[in-house]
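The values are calculated or read from the model by the stated rules, or taken from the named source; none is laboratory data. What you see is a predicted model, and the numbers here were worked out from it, not measured in a lab. Heads up, the Cβs are rebuilt from the backbone with ideal geometry, glycines too, and the neighbour counts pull from every protein chain shown. Only protein heavy atoms, including side chains, enter the accessible area calculation; ligands, DNA and RNA are left aside. Shrake-Rupley method; radii C 1.70, N 1.55, O 1.52, S 1.80 Å.
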Amino acid sequence: MKSAGKYMALLVMSALLISISYFTFRFESVLILGQFVALFALYLYLAFQKKNFSLKEIITLGILFRLLLFLLTPNLSDDVYRFLWDGKLWWEGIDAYAFLPSEIAKEKILSPELFAQLNSPNYFSIYPPLNQLIFAVGAVFENTTLGVISIRLFIILAEVGTLILLPKVLLQYGKDPKSLLYYAFNPLVILELNGNLHFEAFVIFFLLWAIYEFEKNRFSKSALALGLAISFKLLPLILLASFFRKLNLKQYMKFILLACLVAAITFLPFLFSEALKGISTSTSLYFQNFEFNASLYYLVREIGFTIKGYNIIGTAGPLMGIIAFFGMIIFNILASSKMKLPERMLWTYMIYFMFATTVHPWYVLPILVLGILSDYKFPILWSFMVFFTYWGYSQTGYKEHLGVVTVEYISLVAFIVFELIERTKNNKKLYA
């Protein structure tokens, strides 16, 4: 009977993944969230059945779940159209970093249909060079579906690497390798990485590789892997602080230099482009203009409205970024050297996100992996709650519901406090 329940849950989960991905529009909030709740319930049911799976089954099923979305044109995110836009510009011999899409559109170089699907036509491209190379591969095809599929192939390769590597890292920390299931079957992971094609897939793989090599005392390879993670998303730069006290000062400086050198080398093909200008301009705007699903920032913003009478993001955004930077540095200096590397990375990420002005659902996925390696369950809760930010899409745009955000962060903070209290009690019992 247990086997029958397991296979029925897998079958229904597969059907729901197909339904929510291929047949549901982003503005159908009730339908999307209803399906996601059902998906997550099945995921938790299968997680409790973990012992009834072999590791090979978990890896195989994880790959099959991802292949279900192979032909999907993303329905929950329109970022892929910017990917293809940038890629097509390179094939036209145009620096994708140098011009706003709205400027290019006036010249009618690319199709108006593709431009109409962009969500940020008045912002410079923020995607690093390795991403752009993958975009260029996707842009080879005139057919959008083929372009999307070609980009997805790279995502799937990164995900397969993660499914193979994560059990090995779990073993390094004396944990059950079948805890891979918490990642392999997680609906947010499948929908955001393989469905919506977000490049956190590469960040996660290279972070795992960095941790794996570090625990093997192969520090140069670890720095290489971290440098590649930074090359796909600049945010992992903050994780350089996590290695402080895990190495002596000389080793640490060499580690930082090598990781940064690897990231810098990936920019070399774009040395004579406007890459640095475009990314730095958009990054500055990111801290001064963008706000979505924030926590502490929204409280600061409300204080600003009360005192100043207007949105103070222009000053509050960069200031909170600076506070987060020093918070991460101080945490990694004060944290015990006995704290495992994934846990240091986990809390470093959390400090950043607590002060961030923008936290999209896919941003939290590296935290999920680090939580699995650190025996924290709150990232699993967050991977559920954060999806509710999709509530608010309509056929004409998006309106954020602060009630959803409030419930999300109150639930998250409460569960974090609960886990920390339980961990403290267990440590006291262990050393009593």
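Order 250, 6, 50, 221 by their accessible area, 1.4 angstrom probe, all chains in place, largest first. Can you show the working numbers first?
Numbers: 250 155, 6 10, 50 40, 221 100 Å².
Most to least solvent-accessible, the answer reads 250, 221, 50, 6.
Starting from the residue with the highest accessible area, list 358, 406, 281 in decreasing order, probe 1.4 Å.
Values: 358 5, 406 70, 281 50 Å².
Ranking 358, 406, 281 by accessible area, largest first, yields 406, 281, 358.
Residue-wise HN-Hα couplings along region 193-206, as the Karplus relation 6.51 cos²θ - 1.76 cosθ + 1.60 with θ = phi - 60° gives them from phi, are 7, 7, x, 8, 6, 8, 7, 4, 4, 6, 4, 4, 4, 6 Hz; Gly and Pro carry x.
When Lys and Arg each count +1 and Asp and Glu each count -1, what net charge do the other residues less than 13 Å away from residue 412, Cβ to Cβ, add up to? Walk me through the intermediate numbers first.
Working: positive: 377; negative: 408, 419.
Charge balance near residue 412 sits at -1.
With θ taken as phi - 60° and the Karplus curve 6.51 cos²θ - 1.76 cosθ + 1.60 applied, the whole-hertz 3J(HN,Hα) list for region 174-188 is x, 10, 5, x, 6, 5, 3, 3, 4, 8, 4, 9, 5, x, 5 Hz, x standing for glycine and proline.
Taking the accessible area of the chain, probe 1.4 Å, and keeping the other protein chains in place, the carbon and sulfur fraction comes to 69%. Residues whose amide H comes within less than 5 Å of that of residue 358, counting only those at least five positions distant or on another chain, are 292 (H built at 1.01 Å from N in the peptide plane). Can you give the FRET efficiency for residue 18 and residue 48, using 1/(1 + (r/R0)^6), R0 = 25 Å, r = Cβ-Cβ distance, to the nearest 0.05? Between residue 18 and residue 48 the formula returns 0.55.
Measuring nothing but how far apart in sequence close Cα pairs (under 8 Å, 6+ apart) lie, relative to its length, region 1-118 scores a relative contact order of 27 percent.
With contacts taken as Cα pairs under 8 Å at a separation of at least 6 residues, region 2-54 carries a relative contact order of 46 percent.
For the pair region 222-255 and region 388-431, the centres of their Cα atoms are 28 angstrom apart.
For 219, 199, 325, give me the order by solvent-accessible area with a 1.4 Å probe, most accessible first, ignoring ligands, DNA and RNA.
325, 219, 199
Residues in the chain average 45 Å² of solvent-accessible surface per residue, probe 1.4 Å, ligands and nucleic acids excluded. Between residue 141 and residue 401, the C-beta separation translates, for a Förster distance of 35 Å, into a calculated FRET efficiency of about 0.40. Each Cα pair under 8 Å and six or more residues apart adds its separation to the average, and for the chain the resulting relative contact order is 17 percent.
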